[in-house]
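Shown next, in structure tokens, is the structure this report addresses.
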Amino acid sequence: MVEYSAQAIHRGGVHLIPKLYGHGYVVAGSAARLLLNNVMTLRGMDVAVASAASAAQAVLAAREAGDYSADKLAVYEQFFKQTDVYKDMVTFKETYALLENKRLFHVYPDLVGHVMGDMFSVKARPGKKAYRALRDNMQDEVTMWQMMKDVIQIGRGLVR
Amino acid sequence: MKIQVLSLDARLGLDKYEIDEKNSHILIDQSRCQQCLLQPCLTVCPAAVYVTVDGDIVARYENCLECGTCQVACDTGGEGGITWNPPQGGFGILFRYG
């Protein structure tokens, strides 16, 4: 940590959502690990608002029945799963894996930089075409097979 | 790899401040705080600016990260005893990394 600014963001994703209700309580927003990060946008507030609104609906229904048991509050999850933000969380469920793939942040940016560097700079050494430059820079960092798998993962996460 | 959890004081120690030693940007109306049952300022502040000293609410304003949470919490969950103004120009927290 280099600076504390109370702006920490927790890990989130549809696979990390815990049980949202129990006997006499409901959990919403960040407390329920609700966060939608689809690489392009980082959404926490609208998810929190939607979950809180769903929770409020469930609590109001429970109050009408005078019963705050887990069975009664289970409608919270049903309400929340009908919201658009939840549908977005499901839509982008494969996107989340991209954030966990360290190669996307540590290996590939450097790789692109080095390949471009090899191609665009004039050196007093024999030059390389793009493929040779790529293979040389990939050595010890990533295999072609791994890179192809990552490309498929990016495609799954962001394209379709 | 073991992740080390820094104490709050250690985290605040990483921050850079220009402290306005003449004026506090946080004003507290003790008469309102005395009536306050919930006293949300004691729990919501990420820098633990608010503490109780001999039953009074005290603001250690020099630690303030200027997030504004206390004002919202006090107005909605408390008795409105906190008046939070932005520090005078040039004073307050100096975020170097955003």
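Quick check, is residue A:58 within 19 Å of residue A:18 (Cβ to Cβ) and touching a residue at least 12 places away in the same chain (Cβ under 8 Å)? Spelling it out, residue A:58 is indeed within 19 Å of residue A:18 (Cβ to Cβ) and touching a residue at least 12 places away in the same chain (Cβ under 8 Å). Restricting to the stretch B:60-83, count the residues that are touching a Leu at 6+ places or on another chain (Cβ under 8 Å) and farther than 16 Å from residue B:8 by Cα. Counting residues in the stretch B:60-83 that are touching a Leu at 6+ places or on another chain (Cβ under 8 Å) and farther than 16 Å from residue B:8 by Cα gives 4.
Looking only at residues in the stretch B:38-56 that are more than 21 Å from residue B:88 (Cα to Cα) and of a type in the set (Gly, Ala, Ser), the one that is farthest from the other protein chains (Cβ to nearest Cβ) is B:55.
Of the residues making up the stretch B:13-29, at least one is in contact with a helix residue (DSSP H, G or I) (Cβ under 7 Å, 6 or more places away or on another chain), closer than 21 Å to residue A:3 by Cα and not β-branched (Val, Ile, Thr).
Test of understanding: among A:54, A:5, which residue is within 14 Å of chain B (Cβ to nearest Cβ), surrounded by 14 or more Cβ atoms within 10 Å (Cβ to Cβ) and more than 30 Å from residue A:138 (Cα to Cα)?
That would be A:5, the only listed residue that is within 14 Å of chain B (Cβ to nearest Cβ), surrounded by 14 or more Cβ atoms within 10 Å (Cβ to Cβ) and more than 30 Å from residue A:138 (Cα to Cα).
For the stretch B:1-37, the candidate set comprises residues that are within 14 Å of another protein chain (Cβ to nearest Cβ) and of a type in the set (Ser, Thr, Tyr); within that set, the residue that is surrounded by the most Cβ atoms within 10 Å (Cβ to Cβ) is B:17.
Within the stretch A:111-141, the only residue that satisfies the criterion of being closer than 21 Å to residue A:97 by Cβ and in contact with a helix residue (DSSP H, G or I) (Cβ under 6 Å, 6 or more places away or on another chain) is A:111.
Summed over the stretch B:45-73, the residues that are farther than 17 Å from residue B:19 by Cβ, surrounded by fewer than 16 Cβ atoms within 10 Å (Cβ to Cβ) and not acidic (Asp, Glu) give a count of 6.
Any residue that is open to solvent by less than 40 Å² (accessible area, probe 1.4 Å) and at pLDDT 90 or above - is there at least one of those in the stretch A:37-45? Within the stretch A:37-45, none of the residues are open to solvent by less than 40 Å² (accessible area, probe 1.4 Å) and at pLDDT 90 or above. Listed by position, the helices (runs of 4 or more DSSP H) inside the stretch A:75-160 whose residues that are surrounded by 11 or more Cβ atoms within 10 Å (Cβ to Cβ) and of a type in the set (S, T, N, Q) number at least 1 are A:75-81, A:84-91, A:130-138, A:144-154.
Scanning the stretch A:8-44 for residues that are more than 14 Å from chain B (Cβ to nearest Cβ) and touching a His at 6+ places or on another chain (Cβ under 7 Å) gives A:33, A:35.
Scanning the stretch A:126-155 for residues that are within 28 Å of the chain's Cα centre (by Cα) and aliphatic (A, V, I, L, M) turns up A:138, A:142, A:144, A:147, A:148, A:151, A:152, A:154. In the stretch B:1-18, the residues that are free of Cβ contacts under 8 Å to residues at least 40 places away in the same chain form Cβ pairs under 6 Å with partners that are part of a loop (DSSP other than H, G, I, E, B), at six or more places apart or across chains, as follows: B:11/A:4; B:14/A:3; B:14/A:4. For the stretch A:15-36, a tally of residues being surrounded by fewer than 18 Cβ atoms within 10 Å (Cβ to Cβ), within 21 Å of the chain's Cα centre (by Cα) and outside any loop (DSSP other than H, G, I, E, B) returns 5.
The values are calculated or read from the model by the stated rules, or taken from the named source; none is laboratory data. All figures in this text were calculated on a predicted structure; none of them were measured in a lab. Cβ sites come from the backbone with ideal geometry, for glycine too, and all protein chains shown count toward neighbours. Each accessible area value is taken on the protein alone, full model and side chains, heavy atoms only, with ligands, DNA and RNA left out. Shrake-Rupley method; radii C 1.70, N 1.55, O 1.52, S 1.80 Å.
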